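K.L.:
Please find one structure pasted underneath; my questions will follow.
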Amino acid sequence: MFTRTMIDRMILAFFVLVVVEVRGDVILPGEPIPEPNYKPDEIIVKFDSAVADSLAEQLAAGVPIEMLTLTESLDNLNSRYEARNIGAIFKSFYADRQRIEALLQKDEAGLTKRQKRLVRRLRRAPKDAKVPDLGRIYKLEFEPGQATHQAAATPSPGVVNS
């Protein structure tokens, strides 16, 4: 049924699979430690609508980061971890949504090929489909060396996800 050569090849293939799988999870002595696949001094946060609106207004007005007033717990986290930069991930989300919604009202004859395709896709979408509010997602940058994983793990009212 199985020849000796076939059995040897199956054992070798199994051994190679096991070694490759184990080797991927283990750092051997002398190997460099890989860089983390995240930036340790940044957190991506989705705020609830009230906090996001307040933050957008304050940032547009030029309020310095250390003077931002959001919620008590977020203000405490900001003073403890000293955020150095706060910015929206999708800066033009609301303007883009309005522009896309306006395409539905235009005559298709005056649209470009790309716009026509977008309109067809929008019309195919369910009527009650809700577009997620990506305008509330912000990137918070901290000074290097901060324990930002603790800040991300701290539950806070006003934060939907971190």
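Read the figures in this text as sums done on the coordinates, not as results from a lab. All values reported here derive from a predicted model rather than from experimental measurement. As a convention, Cβ positions derive from the backbone with ideal geometry for all residues, glycine included, and neighbour counts pool all protein chains shown.
K.L.:
Go through segment 144-155 residue by residue and turn each phi into a ³J(HN,Hα) via Karplus (6.51, -1.76, 1.60, θ = phi - 60°); whole Hz please, and just put x for glycine and proline.
P.N.:
x, x, 6, 8, 5, 5, 5, 5, 5, 7, 6, x
K.L.:
Enumerate lysine pairs in segment 28-162 that are 8 or more residues apart or on different chains, then count those whose Cα atoms are under 15 Å apart. Display every interim value, and only then the final one.
P.N.:
Numbers: Lys39/Lys139; Lys46/Lys91; Lys46/Lys139; Lys91/Lys139; Lys106/Lys116.
Within segment 28-162, the lysine pair count is 5.
K.L.:
Given H placed 1.01 Å from N in the peptide plane, which residues other than close sequence neighbours of Phe90 have an amide H under 5 Å from its amide H?
P.N.:
Under 5 Å from the amide H of Phe90 lie the amide H atoms of Ile137, each far enough along the sequence or on another chain.
K.L.:
What angle do you read, to the nearest 10 degrees and between 0 and 90, between the alpha-carbon axis of helix 72-81 and the longest principal axis of the chain?
P.N.:
Helix 72-81 sits at roughly 60 degrees to that axis.
K.L.:
Taking square-rooted eigenvalues a ≥ b ≥ c of the alpha carbon gyration tensor, is the chain rounded, prolate or oblate, where a/c under 1.5 means rounded and, failing that, a/b exceeding b/c means prolate? Write out the running numbers ahead of the final one.
P.N.:
Values: a/c = 3.33, a/b = 1.34, b/c = 2.48.
The shape class here is oblate.
K.L.:
Moving on. With springs connecting C-alpha atoms under 10 Å apart, model the chain as a Gaussian network and identify which of Gly135, Gly87, Gly62 has the largest mean-square fluctuation.
P.N.:
Of Gly135, Gly87, Gly62, the Gaussian network model singles out Gly62 as fluctuating most.
K.L.:
Further question on the same structure: Taking DSSP loops as anything outside H, G, I, E and B, show the longest stretch in the chain free of trypsin sites (Lys or Arg not before Pro) there with at most 10 other beta carbons within 10 Å.
P.N.:
On the way: sites that count: Lys91, Lys127, Lys130.
Within the chain, the longest run free of exposed trypsin sites (Lys or Arg not before Pro) spans 1-90.
K.L.:
Another one. Apply the Karplus parameterisation 6.51 cos²θ - 1.76 cosθ + 1.60, with θ equal to phi minus 60°, to every residue of segment 119-124 and state each ³J(HN,Hα) to the nearest whole Hz, in sequence, with x for glycine and proline.
P.N.:
Once θ is set to phi - 60°, the couplings for segment 119-124 become 5, 4, 5, 5, 6, 6 Hz.
K.L.:
With axes computed from alpha carbons, what is the tilt in degrees of helix 93-105 against the longest principal axis of the chain, rounded to the nearest 10 within 0 to 90?
P.N.:
80 degrees
K.L.:
Divide by every residue of the chain the summed helix terms, -39500 (n - 2.57) for each DSSP H run of at least 4, and state the resulting mean residue ellipticity at 222 nm, rounded to the nearest 500 deg cm²/dmol.
P.N.:
Numbers: 6 runs with 75 residues, N = 162.
Helices in the chain give a 222 nm mean residue ellipticity of -14500 deg cm²/dmol.
K.L.:
In a GNM of the chain with a 10 Å cut-off on Cα contacts, which of Leu12, Leu134, Leu104 has the highest mean-square fluctuation?
P.N.:
Greatest mean-square fluctuation among the candidates belongs to Leu12.
K.L.:
Testing the spin-label approximation: label points 7 Å from Cα along Cα→Cβ at Arg9 and Tyr94. State their distance in nm.
P.N.:
6.5 nm
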